[in-house]
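The values are calculated or read from the model by the stated rules, or taken from the named source; none is laboratory data. Keep in mind that this is a model prediction, so the values were computed, not measured. Because the Cβ atoms are built from the backbone with ideal geometry, glycine has one as well, and the counts that use them run over all protein chains shown. Only protein heavy atoms, including side chains, enter the accessible area calculation; ligands, DNA and RNA are left aside. Shrake-Rupley method; radii C 1.70, N 1.55, O 1.52, S 1.80 Å.
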Amino acid sequence: MSELKLNAIGKSYGGVEILRDINIEVADGEFVVFVGPSGCGKSTLLRLIAGLEEISAGELAIGGRRVNELTPAERGIAMVFQSYALYPHMSVYQNMAFGLKLGREGKDAIDQKVRRAAEILQLNHLLERKPAALSGGQRQRVAIGRAIVRDPNVFLFDEPLSNLDAALRVQTRIEIAKLHQDLKATIIYVTHDQVEAMTLASKIVVLNKGRVEQVGAPLELYERPRNRFVAGFIGSPSMNFVPARVEAIADRGITVSLPGGAHATLPCAPSPARVGDEVTVGIRPEHLFEAGGAELQLSGTVEVVERLGDVSYVYFRLADGTALIARAEGTHAAQPGETVSVGSRAAHVHVFDGAGDALPRLDAPAPTRH
Amino acid sequence: MATRIADIFPARSVERGRSMIPKQAFGAGAVHAVLGAYTLIALFPIFLVLINAFKGRKAIFASPMALPGPDTFTLVGFESVLKRADFGNYFVNSLTVTLVALALVLVIGAMAAWAISEYRFRGNGVLWLYFTIGTMIPIRLGSVSILQLIVDLGLVNTLTALILVFVAQSLPLTVFILAEFMRTIPRDLKEAARCDGVSEYRIFFAVILPLIRPAVATVAVFTMIPIWNDLWFPLLLAPGEGTKTITLGVQAFVGQYVTDWSAVLAALTLAIIPIVVLYLIFSRQLIRGITAGAVK
């Protein structure tokens, strides 16, 4: 079995604490993505799991066994690096076979493994080439092949798509997703790109400043961000934040006043909030411009309209200067300089308190409509 | 892997490229003229040795600059060199000392460089400093102590003494250069190998050494030539007939009153050959290493 358990993991260099109290459980066969802005410690966390850095605090267990003191190879992990890290003087075949020990396995067994991996990744015709003679996507596949032949308990991917161009990135992303389905392997994948995280993960771990902000399924993070950081990080374009003030508290929710004098009653648990509190209201661009039943109304001046064909992004500014983005239909008539009125259903609105934590909701979020 | 100037200062270098094309052409010409002049000056003594090796004593003194003509051409120098039976022995001695010392310097030096550049341990910095200082202090300053040490060890008049001293002489620069090259190897490559459970020895021999082959070839050339040409330590430590090296052996033709110039020059001509062969081998390695391809 290859489940992973991180128990209160910490890492510091000298006196500087990079990671603090990280608790994550990864089930066998799960695809977990660590995502966060650069410098959040996600790559360091991956290197701790790999055994390339020493763990300063806490316990790491793979398959129920403490592995803190084991070398990378003993942990049964295989890592795919951002730079591919192919040995430039070896052919593709040699690159993939290099980590397999001749002593333990016969030459034929190694050959079989390499050819099987090459077949999965469609590298058969490239086995004799040197890395310098391969394209970026092919090198990436060789790097993945090198991990596959080792038949590891856990695959670790460190930003594997960052060096590819946009088109190849999408294609390789899909290949990695397929690979996960075929191999049923446990995968931990680090990226700063929230689209990769959303599309690949069965579970996302959002990291920020060395702490776990939230762990959950992609849609869970999208619909129920625990705090303002996760809300802003997941989703593209990112969530709009509008300053507001709590006006009244009732059992069915709290009433807030918005810039421009509008009021809205939002279905949030009343307990932590108090009348007069400064809060932040978060609305995703795709939830503005909702026709019918919009309990929250805003209006502002259009600054820019980006027309992508299927959708248009309307950039506008409220009277108090808050900049917002709304996603409208591709044919929406908004023009720069015009005044635009938008609305959102209360069920799609998030409220964050002064510390940035989301106020607990009373209801399940309404299904997203596009 | 190489960073081009254009990557660092894109705007400035583009501007320069446009406005200074004639000047650049002139600059290239000047550079070639200087290099050409230097080549001529450097090669001239060797040229003199070569042409005079094929002339008799009289012809050498009559017109040292003249090429060997039909009436001056003679192999008398080579004959007298090859007639001395021990001359083959000198060659073998020189080759043994050079090749064994070279092999030891490269293996030990590369391993030391790997340890210093890759592993963090107590005294790493001090050791690095020690080797760096070693590149700056000429080993000959310690000749007296070295001689005493060799006498105490009972190694006088042995090739072992020469090999040990030459290894010591060449190690600092070797460690210095190879460590710098090893630092340029991407960390990911080593870590990928470690993740794959490859042993440190195998990482060193199968990944690191092939990647720094150009540096190893350079170091080999820089190490080999001074060892082959050295007169000082052979004279000091192993002047016995059985352990003479070729450079020391040539001195046999240099007398206090009479010098057999044909033989001296013929011996020197012969002494050039092995080193040129070795140099060609290493320079081929150098070029192959450069064209092997980068990481990305």
Keeping to region A:70-81, report how many residues are touching a residue at least 60 places away in the same chain (Cβ under 8 Å) and surrounded by fewer than 20 Cβ atoms within 10 Å (Cβ to Cβ). 1
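Checking the structure you have, find out if any residue of region A:144-160 is among the aliphatic types (A, V, I, L, M), more than 24 Å from A:Val67 (Cα to Cα) and in contact (Cβ under 8 Å) with a residue 24 or more places away in the chain.
Filtering region A:144-160 down to residues among the aliphatic types (A, V, I, L, M) leaves A:144, A:147-149, A:154, A:156.
Applying the additional criterion that residues be more than 24 Å from A:Val67 (Cα to Cα) yields none.
Within region A:144-160, none of the residues are among the aliphatic types (A, V, I, L, M), more than 24 Å from A:Val67 (Cα to Cα) and in contact (Cβ under 8 Å) with a residue 24 or more places away in the chain.
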Among (1) surrounded by fewer than 15 Cβ atoms within 10 Å (Cβ to Cβ); (2) in a loop (DSSP other than H, G, I, E, B), the one test that A:Tyr84 misses: (1)
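In this structure, is A:Glu74 out of contact with any Lys or Arg (no Cβ under 6 Å at 6 or more places or on another chain) and modelled with pLDDT of 90 or more?
Numbers: out of contact with any Lys or Arg (no Cβ under 6 Å at 6 or more places or on another chain): yes; modelled with pLDDT of 90 or more: no.
Judged against the criteria, A:Glu74 is not a match.
This table checks each residue for (1) more than 12 Å from chain B (Cβ to nearest Cβ); (2) over 33 Å from the mean Cα position of the chain (by Cα); (3) over 17 Å from A:Ile9 (Cβ atoms).
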position	(1), (2), (3)
A:Arg66	yes, no, no
A:Arg75	no, no, no
A:Gln82	no, no, yes
A:Ala85	no, no, yes
A:Pro88	no, no, yes
A:Ser91	no, yes, yes
A:Gln94	no, yes, yes
A:Gly99	no, no, yes
A:Gly106	yes, yes, yes
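For A:Thr255, are the conditions met, namely being open to solvent by 10 Å² or more (accessible area, probe 1.4 Å) and without any contact (Cβ under 8 Å) to a residue 40 or more places away in the chain?
Values: open to solvent by 10 Å² or more (accessible area, probe 1.4 Å): yes; without any contact (Cβ under 8 Å) to a residue 40 or more places away in the chain: yes.
Taking the combined requirement at face value, the residue satisfies it.
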Enumerated strands (runs of 3 or more DSSP E) restricted to region A:125-215, each holding at least 1 residues that are more than 13 Å from the chain's Cα centre (by Cα), crowded, with 19+ Cβ neighbours inside 10 Å and at pLDDT 90 or above: A:154-158, A:186-191
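Could you please let me know if B:Thr223 is polar (S, T, N, Q), away from chain A (no Cβ under 14 Å) and closer than 19 Å to B:Pro274 by Cβ? Spell out how you get there, then give the answer.
On the way: polar (S, T, N, Q): yes; away from chain A (no Cβ under 14 Å): yes; closer than 19 Å to B:Pro274 by Cβ: yes.
Judged against the criteria, B:Thr223 is a match.
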Checking B:Gln256 against (1) more than 14 Å from chain A (Cβ to nearest Cβ); (2) open to solvent by 30 Å² or more (accessible area, probe 1.4 Å); (3) at pLDDT below 90; (4) more than 29 Å from B:Asn89 (Cβ to Cβ), which single condition isn't satisfied? (4)
Taking region A:231-263, which residues are of a type in the set (Val, Ile, Thr) and in contact with a Gly (Cβ under 9 Å, 6 or more places away or on another chain)? A:Val242, A:Val246
Among residues of region A:27-64, those that are more than 14 Å from chain B (Cβ to nearest Cβ) and either without any contact (Cβ under 8 Å) to a residue 12 or more places away in the chain or part of a loop (DSSP other than H, G, I, E, B) (or both), counted: 14
For a quick check of your reading of the model, give me the residue pairs whose first member lies in region B:181-195 and is within 15 Å of B:Pro210 (Cβ to Cβ) and within 7 Å of chain A (Cβ to nearest Cβ), whose second is acidic (Asp, Glu) and in a helix (DSSP H, G or I), with beta-carbon atoms closer than 7 Å and at least 6 apart or on different chains. none
